[in-house]
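So the structure is just underneath, and the comments pick up after that.
Bear in mind these aren't lab numbers, they're just calculated from the coordinates by the rules spelled out. On a predicted model such as this, the values are computed, not experimentally measured, just so you know. Neighbour counts run over all protein chains shown; Cβ positions are idealised from the backbone, glycine included.
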Amino acid sequence: MPEPLTDEELAFLQSVLDLAREGKTEELLGAVDAGVPVNLTGGTGDSLLILAAYHNHPGTVSALLAAGADPSRVNDRGQTALGAAVFRRNAETVSALLAAGADPAAGGRSALEIAHFFDLPEMVDLLTAAAAKPA
């Protein structure tokens, strides 16, 4: 069984999650380059990508995707980065996630369901246009 993380290690990992929340892309990529997993998740399953999308940092989202972040990750509440971007009405982030293969129907409440629930026709249009494109 692996050794439990120290308080210092836990604090460091929390600071990496905060970098995603704050959109501090260069520092975040530095941590990833130093060995922090690009798909690191916090206590509720929020990945770096989900946090960056929810906090409206499209540049950070694009950089994480380029570094290999999984656009299909679902947190413990069934939420995805795409769903977060739709909720935030961030077309740039939605487009980047769709281009990376994010599924508009994934999650406990999918991005498409969120767009319909909150009456976001521009987001519905983005999502349905992506779904209509041939693979």
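Considering the options 55, 75, 90, tell which one lies farthest towards the positive end of the dipole of region 1-98, charges being +1 on Lys and Arg and -1 on Asp and Glu at the Cβ, about the Cα centre.
Comparing the listed Cα positions along the dipole, 90 ranks first.
Could you bin all the Cα-Cα distances of region 23-79 into 5 Å bins starting at 0 and give me the percent of pairs in each, rounded to whole numbers?
4, 22, 33, 27, 12, 2
At a threshold of 8 angstrom on Cα-Cα distance, excluding pairs fewer than six apart, so keeping six or more, what relative contact order does the chain reach in percent? Intermediate values should be presented prior to the final figure.
On the way: 191 pairs, mean separation 24.1, N = 135.
Over the chain, the number comes to 18 percent.
How would you classify region 41-108 from its alpha-carbon gyration tensor, with a ≥ b ≥ c the square roots of the eigenvalues: rounded for a/c under 1.5, else prolate if a/b is greater than b/c, otherwise oblate?
Details: a/c = 1.37, a/b = 1.21, b/c = 1.13.
Rounded shape, in that the Cα axes give a/c under 1.5.
If you average over every viewing direction, what projected area does the convex hull of the Cα atoms of the chain give, in nm²? Working shown, then result.
Working: hull surface 34.6 nm².
Taking the Cα atoms of the chain, their convex hull projects to 8.7 nm² on average.
I need the peptides 81-88, 4-11, 36-43 ranked by packing, meaning the mean over residues of other C-beta atoms within 10 angstrom, with the highest value on top.
Those peptides, ordered most packed to least, come out 81-88, 36-43, 4-11.
Using only DSSP helix segments of four residues or longer, with each worth -39500 (n - 2.57), what per-residue ellipticity at 222 nm results for the chain after dividing by its residue count and rounding to 500?
Details: 8 runs with 76 residues, N = 135.
Rounded to the nearest 500, the figure is -16000 deg cm²/dmol.
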